[in-house]
Amino acid sequence: MRFIKLIDSGSSNNWDSHNDMAEHAPLAKKIDLPISGLLRALKQRGMLDDTLVIWTTEFGRTPGQDGTKGRGHHSACFSSWLAGGGVKGGLSYGETDDIGATVASNRVHVHDFHATILHLLGFDHTKLTYRHARRDYRLTDVHGNVVSEILA
């Protein structure tokens, strides 16, 4: 299995800004074209069906403000997207309420997200269980269900 992890950590702007959300605009502009170029290149070469592309964040952002221009972390609601690798194209799954404070439909727990990614990579997350100190452990803890609605 091969993977590529891209992180923009050398920028003077920081994705984890709590002070001024406007600082995210140049970062977004910086990644839009490379991401779309990657997806187009994979598709043109017939590799998108076999390549899982995941874009996700540390946390979502709160609907309220931190200070005058910033926003804090919001662990209950955040966005991720998946492309290729067995994922239905053009599907949006899950919604927040009108102000982004709570999940309104199709909640996906992080264990479900991880179970789904592992499934797309060809692993059964339930078979990755090991016993230690009289407790079962695995990457999805001992939880997680594959979100079959997003599978192609």
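Bear in mind that the values in this text are calculations on the coordinates, not laboratory data. All figures in this text were calculated on a predicted structure; none of them were measured in a lab. Here the Cβ positions follow ideal geometry from the backbone for every residue, glycine too, while neighbour counts run over all protein chains shown.
A few notes on this one:
- Each residue of region 53-63 is assigned a 3J(HN,Hα), and the resulting list reads 10, 10, 10, 8, 10, 5, 8, x, 10, 5, x Hz, derived from the Karplus form 6.51 cos²θ - 1.76 cosθ + 1.60 (θ = phi - 60°), x at Gly and Pro.
- Amide proton proximity set for residue 77, modelled H, under 5 Å, gap of 5+: 60
- Close lysine pairs were tallied over the chain: pairs 8 or more places apart or on different chains with Cα atoms under 28 Å apart number 13.
- Efficiency of FRET from Cβ geometry, residue 135 and residue 56, R₀ 22 Å, rounded to 0.05: 0.20
- Compactness of the chain - radius of gyration and Dmax, Cα, Å: 17.7, 50
- Integer Hz, Karplus 6.51/-1.76/1.60 couplings in order for region 118-131, x for Gly and Pro: 4, 4, 5, 8, x, 10, 8, 4, 6, 8, 9, 8, 9, 9
- Estimated dipole of the chain in Debye, rounded to 20 [Cβ of Lys and Arg +1, of Asp and Glu -1, Cα centre]: 520
- Listed values for region 98-110 are Karplus-derived 3J(HN,Hα) couplings in whole Hz (6.51 cos²θ - 1.76 cosθ + 1.60, θ = phi - 60°), namely 4, 10, x, 8, 9, 7, 9, 7, 6, 4, 10, 6, 4, and x replaces Gly and Pro.
- Among 33, 48, 39, 91, the order by Cβ neighbours within 10 angstrom, fewest to most, reads 33, 91, 39, 48.
- Sites residue 101 and residue 33, calculated FRET efficiency, Cβ-Cβ separation with R0 30 Å, nearest 0.05: 0.40
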